[in-house]
Amino acid sequence: MEVEKGKTAKYLKETRPVPKEVTEHLKYFTKTKKTLLNALKEGDKTVPQLAEELKLPKNEVMFQLMSLLKYGFVETGEIDDNDEYFYYKIKSNGKSKS
Amino acid sequence: MNMQEQMKTLDYDVLVVGGGIAGGESALNLANIGYKVLIVEKELSIGGKMILLSKVFPTLDCAACITTPKVSEIARHPNITVFTGAEPLKITKKGEHRFEAVVLQNPRYVDVEACTGCQLCEEACPVSVTDEFQFGLIGRKAAFIPFSIASPRVAAIDIENCILCGACERACPPDCIDFTQTEQKYLVKAKAVVTATGFKLFDPLKIPRYGYDKFDNVITSMQMERELAPTRPFNTVLRPGDGKMPDNIAYVLCTGSRDKSVGNPICSQVCCMYSIKQAQLLMGSLPMADITIYYLHIRAFGKGFNEFYAQAQDMGVEFIKGKVGKITEKDNGNLILRYEDIEAGIVKEAEHDMVVLSVGVLPNRGIDEVFDNETLKLDPFHFINQSDILASPAKTSIDGVFVAGTASGPMDIPDSILSGGAASAETTSYLRREESI
């Protein structure tokens, strides 16, 4: 069998079906990412503000938001007046790939 | 043996199991005097636990600044071969200076030689899962570079979480992603073996009354270590529960050490000092924060350790001789610690906005089962037994098999490196015995 470089995923797909929970997890991440980024488009927000607005647990918002910070979609803004919570915003030069 | 005939045979002088600082130190010393060494490392990068730390005690040197040059030297050394994502399945002693190991190389789905570490696959991958190298604090992609200072700094595919969409392949400039890779087994012939299998951290879920995983702002010391590292998961030190910048942090020492009820009666040797180190670092990054350390005894026995402890006290870290019984959570995510004030002899309660569990050091089990026809003896705590601890500290129950680092018991970084050095010296002496026959 001659392997076509750069297109090898299909070979593994034939023998290894993707588990349902993996695709479900991807759907969840894509949806949460979109929800968080849409909420931030309206203005800079803190983790508790996002959690309240989106009716999501605060720790879940924290985990997903910090992942988006790592992936380059979000950046850190100012800290609030009580020096407790940072505001987060859409990255100005944000690449919107992936 | 049909299977062995199909396996590729590799010849080395020494097989080093584990590529942390102790195994790395042994391998470097052996390679520098001309021996051919194979390091078999189960993780995707060498560097062990140390490469993931922020700073080291008592000098507050940057851990990465010490580890990365060493790791690069190992990776580039002409006498050292490194297998990452690999493990020995079986090691047989065929005779003096004759060991044979079956080594399993798991597929990485990336051509390590061709990958440039450009991270375009990471950007293209649509999947986000929990990042084990940030100890669960944030996500990572299914096509990923383990961490920024990993060695080798090349991508890997987390096949368990991959949706096989092929986006990474399409994004990869050198076409180095290869989903047709399969596991490989090698027959490794070596004259001696160094076991440097390291340690694992105590799992605080075994103490449910501390609320780890139930209360979001109770974290482990390794998670705090990541929060303090330059390659940290958050923009600064924050509570994972809600992103608040903490200003009143508690440390609970002896979590899973010196505790018969969790099956680990011994001292882990490093928790007092790393907690004191983290307290000092936190006072630097959060100048307004109060740090309280709940301890049973402070064991500051090493060179410069007691001065380091005194320095933390001078900086304002509060030390309370107290045994924490239970942690409960308030609605605002703060935590109530119920503890016995040992000096006053009374039970008290205190509120903190974040709690760090200073988890202990446990043995990495299983290496003894790999040895096929001889017994690698363990000590009563399941670390590798040192059969002649005073005269020959790297000697094990099998002649020609040596132990380095925390595989033999809890120890700090300087001691691990010393132990790695001892193992290389004793291995050399064993190898020279053959040469002089």
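Things worth noting here:
- Cβ charges +1 (Lys, Arg) and -1 (Asp, Glu), total dipole of chain B, debye: 540 debye
- Charging the Cβ of each Asp and Glu at -1 and of each Lys and Arg at +1, and nothing else, the dipole of the range B:108-178 about its Cα centre rounds to 160 debye.
- Restricting the GluC sites (Glu not before Pro) of the range A:13-43 to loop positions (DSSP other than H, G, I, E, B) with no more than 15 neighbouring Cβ atoms within 10 Å leaves A:Glu42.
- If R0 equals 22 Å, the separation of the Cβ atoms of B:Ile159 and B:Thr81 corresponds to a calculated FRET efficiency of about 0.35.
- Using θ = phi - 60° and Karplus 6.51 cos²θ - 1.76 cosθ + 1.60, couplings along the range B:197-206 (whole Hz; Gly, Pro as x): 8, x, 9, 10, 8, 4, 8, x, 4, 6
- Relative compactness, the protein assembly as shown, computed as alpha-carbon Rg over 2.2 N^0.38 Å: 1.03
- Dipole check for the range A:11-90: with +1 at the C-beta of Lys and Arg, -1 at the C-beta of Asp and Glu, and the Cα centre as origin, the magnitude is about 760 Debye.
- At least 30 Å along the helix axis (C-alpha) and Kyte average at least -1.0, DSSP helices within chain B: B:413-436
- Charge tally in the Cβ shell below 11 Å around B:Ala196, where Lys, Arg are +1 and Asp, Glu are -1, B:Ala196 excluded: -2
- Overall form of chain B per C-alpha gyration tensor (a/c, 1.5; a/b vs b/c): oblate
- In loop segments of the range B:1-93 as defined by DSSP, there are no trypsin sites (Lys or Arg not before Pro) with at most 16 further C-beta atoms inside 10 Å of their C-beta.
- Straight-line cross-link partners of B:Lys206 among the aspartates and glutamates, defined as a Cα under 16 Å from its Cα and at least 8 positions apart when in the same chain: B:Asp259.
- Charge dipole (the range B:265-367, unit charges on Cβ, about Cα centre) - positive-most of B:Val347, B:Gly302, B:Ile336: B:Gly302
- Taking the C-alpha atoms only, the angle from helix A:58-71 to the longest principal axis of chain A is near 60 degrees.
- B:Pro107 sits among other residues whose Cβ lies under 13 Å from its own Cβ, and their net charge, with Lys and Arg +1 and Asp and Glu -1, is -2.
- Between the range B:307-381 and the range B:48-73, the alpha-carbon center distance in angstrom: 23 Å
- Point-to-point label distance, B:Glu340-B:Glu113, nm (Cα→Cβ direction, 7 Å offset): 6.3 nm
- Here A:Lys55 is the anchor, and the aspartates and glutamates within straight C-alpha reach of less than 15 Å, apart from those fewer than 8 places off in the same chain, are B:Asp242.
- Pair-distance distribution P(r) for the range A:11-90, from all Cα-Cα distances in 10 Å bins starting at 0: 17, 45, 20, 12, 5, 1 percent.
- Distance between the pseudo-spin-label points of B:Ser261 and B:Asp331 (7 Å out from Cα toward the beta carbon): 3.1 nm.
- Averaged per residue, the range B:202-361 has 39 square angstrom of accessible surface, using a 1.4 angstrom probe with ligands and nucleic acids left out.
- Shape call, the range B:22-179: gyration tensor on alpha carbons, a/c limit 1.5: oblate
- Distance between the modelled labels on B:Phe301 and B:Asp314, one decimal in nanometres: 2.6 nm (7 Å Cα→Cβ projection).
- Dipole of the protein assembly as shown, positive direction: furthest Cα of B:Thr255, A:Leu56, B:Met224, with charges on the beta-carbon: A:Leu56
- Local electrostatic count, B:Pro287, Cβ distance below 12 Å [Lys/Arg +1, Asp/Glu -1]: -3
- Listed residue pairs exceeding 26 Å between alpha carbons, taken from A:Lys10/B:Lys8; A:Lys20/B:Lys330; A:Lys7/A:Lys27; A:Lys13/B:Lys214; B:Lys260/B:Lys377: A:Lys10/B:Lys8; A:Lys20/B:Lys330; A:Lys13/B:Lys214
- Full-extension gain in nm, B:Thr231 to B:Lys8, via 0.36 nm per residue minus C-alpha separation: 76.4 nm
- Cut-off of 10 Å, at most 15 other beta carbons, DSSP loop: longest stretch of chain B lacking such chymotrypsin sites (Phe, Trp or Tyr not before Pro): B:1-300
- Square roots of 5 times each gyration tensor eigenvalue, C-alpha, the range B:224-342, largest first, Å: 23, 19, 14
The values are calculated or read from the model by the stated rules, or taken from the named source; none is laboratory data. Predicted, not measured: the structure shown is a model, and the values here were computed from it. Quick reminder, even Gly has a Cβ in these numbers, built from the backbone with ideal geometry, and neighbours come from all protein chains shown. Only protein heavy atoms, including side chains, enter the accessible area calculation; ligands, DNA and RNA are left aside. Shrake-Rupley method; radii C 1.70, N 1.55, O 1.52, S 1.80 Å.
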